[in-house]
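Have a look at the structure below before the remarks.
The values are calculated or read from the model by the stated rules, or taken from the named source; none is laboratory data. Just so it is clear, the model here is predicted, and its values are computed rather than measured. In this analysis, Cβ positions are derived from the backbone assuming ideal geometry, glycine residues included, and neighbour counts consider all displayed protein chains.
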Amino acid sequence: MAKKIYIEPDKCTGCRTCELVCSIKNEGMANPVLSRIQNIAFKYEGQRIPTLCLQCESPFCVSVCPVNALQKDGDTDVVKHDPDKCIGCRMCFMACPFGGIGINPGSGQVFKCEQCDGDPECVKACEDKAITFETEDVALMNKKMKSVGCLSELLEKYSTQE
Ligand code: SF4
């Protein structure tokens with residue numbers, strides 16, 4: 001089973017280290033604009049949430065690309081971008097509902113997260129463990145454990161009120 005990058009928003013402190021290490025790894029410079037992961041300010045004050053390509057099972061970006069410059073890798077499940085085929089039409093940018101396609105303001109070239117070929121820099125750099133790289137069964141179990149923890153706290157809280 002292929003691993004994917006998962007985000008736990010409640011663990012993010014908004015330090016934006018993920019953006020810096022991503023842009024250094026992929027573009028050779030610390031520039032959040034060129035990062036494949038972007039830490040977006042949420043509606044609640046002080047809350048930021050990292051966003052990136054979700055490597056969809058049926059990616060719109062792949063469907064709309066007129067020159068097959070985007071392809072889903074059968075082994076890793078990662079949507080790969082081939083800059084040599086890309087004509088820069090930005091259809092992928094418009095089709096992605098999650099803002100997973102970025103545009104380099106200097107070159108005009110589109111870019112996206114390709115999970116650092118299986119060793120994501122943002123995951124290693126996030127000290128708060130808000131970004132993880134795991135198979136979906138592990139991610140699902142972690143979510144269930146978290147949910148059980150919340151339920152257990154609620155039960156404890158209300159059982160002592162009687
Ligand atoms: S910008 Fe490039 S990758 Fe995106 S749809 Fe156009 S040709 Fe395909």
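Quick notes
- Qualifying residue in region 123-139 (condition: within 17 Å of Glu27 (Cβ to Cβ) and part of a loop (DSSP other than H, G, I, E, B)): no
- Test: residue in region 114-128 that is within 16 Å of the ligand (Cβ to nearest atom) and either at pLDDT 95 or above or not aliphatic (A, V, I, L, M) (or both): yes
- Residues that are out of contact with any Phe, Trp or Tyr (no Cβ under 8 Å at 6 or more places or on another chain) and under 15 Å from Asp117 (Cα atoms), drawn from region 1-20: Ala2
- Criterion (in contact (Cβ under 8 Å) with a residue 12 or more places away in the chain, in contact with a helix residue (DSSP H, G or I) (Cβ under 6 Å, 6 or more places away or on another chain) and aliphatic (A, V, I, L, M)) met by exactly one of Val67, Val62, Val123, Val78: Val78
- Taking region 1-109 as the region of interest, the strands (runs of 3 or more DSSP E) fully inside it that hold 2 or more residues being within 9 Å of the ligand (Cβ to nearest atom) are 101-103.
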